[in-house]
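The block underneath contains the structure these notes are about, expressed in structure tokens.
The values are calculated or read from the model by the stated rules, or taken from the named source; none is laboratory data. Everything numeric here is computed off the predicted structure, so don't read it as measured data. No Cβ is skipped: glycine too gets one built from the backbone with ideal geometry, and neighbour counts run over all protein chains shown.
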């Protein structure tokens with residue numbers, strides 16, 4: 001457990017020291033929030049669906065967590081390149097503890113990032129319906145961070161090349177985001193698109209955030225929690241398996 005805590009603390013400290021990265025990582029969520037939240041607001045309102053800013057804000061929060069958590073896997077490649085990973089793996093510590101510590105560190109960073117995006121959305125005009133549901137929203141934010149932090153660790157454990165990681169991320173992260181329903185309602189979709197959204201784990205995270213923040217849910221809170229928990233277990237298992245096979 002000590003190794004898990006040390007690695008978790010190392011990841012969090014490394015993030016907190018990189019202030020320019022923290023500020024820059026808010027740029028993309030802020031762009032989506034302002035450009036789409038206000039740009040498509042009149043169209044969304046004319047369609048009788050109310051405020052688009054209220055609708056899209058939970059999706060933007062989910063996007064911020066997704067990007068931060070899954071790209072935490074890049075840290076594995078940097079550590080491998082500069083030799084820190086080798087020093088860690090030869091330590092008398094189970095690799096499972098190392099993997100869990102790194103993944104929880106990445107998830108904590110993503111949760112901090114998601115909280116910062118939430119603050120930005122509040123400044124922009126987003127208003128949650130019930131503040132009493134904020135703990136539930138934090139649960140969904142944490143689950144999203146763990147799910148995609150574990151996925152990032154899994155991918156980072158199997159690759160040795162930064163270019164390969166970027167290639168996979170470009171073909172993985174953007175579809176996960178766009179098929180999640182972060183930018184559009186999940187009801188009344190064509191059959192193919194509806195199937196894709198239901199296979200996307202982020203769909204259940206965004207749906208859970210909308211349920212907590214604005215009382216709007218497609219799948220139901222219980223289903224969202226069950227799916228995210230199950231996917232987190234699967235990805236953590238895959239990550240542990242991939243991490244145990246890293247060659248030093």
Can you tell me which residues in the range 99-128 are crowded, with 23+ Cβ neighbours inside 10 Å and closer than 18 Å to residue 80 by Cα?
99, 101, 102, 103, 105, 106
What tally of residues in the range 119-150 results from selecting those that are touching a residue at least 60 places away in the same chain (Cβ under 8 Å) and either farther than 21 Å from residue 231 by Cα or under 9 Å from the mean Cα position of the chain (by Cα) (or both)?
19
Just to check your reading of the model, which residue among 200, 207 is buried (at least 22 other Cβ atoms within 10 Å of the Cβ) and either farther than 16 Å from residue 100 by Cα or modelled with pLDDT of 95 or more (or both)?
207
Unmet requirement for residue 169, which otherwise passes all of (1) modelled with pLDDT of 85 or more; (2) in a helix (DSSP H, G or I)
(1)
Of the residues in the range 129-146, those that are at pLDDT 90 or above and touching a helix residue (DSSP H, G or I) at 6+ places or on another chain (Cβ under 7 Å) come to 136, 137, 140, 141, 142, 143, 144, 145, 146
Residue 97, sole failed condition from (1) farther than 24 Å from residue 75 by Cα; (2) touching a residue at least 60 places away in the same chain (Cβ under 8 Å)
(1)
Residue check: is residue 197 in contact with a helix residue (DSSP H, G or I) (Cβ under 6 Å, 6 or more places away or on another chain) and free of Cβ contacts under 8 Å to residues at least 24 places away in the same chain?
yes
Within the range 172-197, the count of residues that are assigned to a helix (DSSP H, G or I) and under 26 Å from residue 128 (Cβ atoms) comes to 4
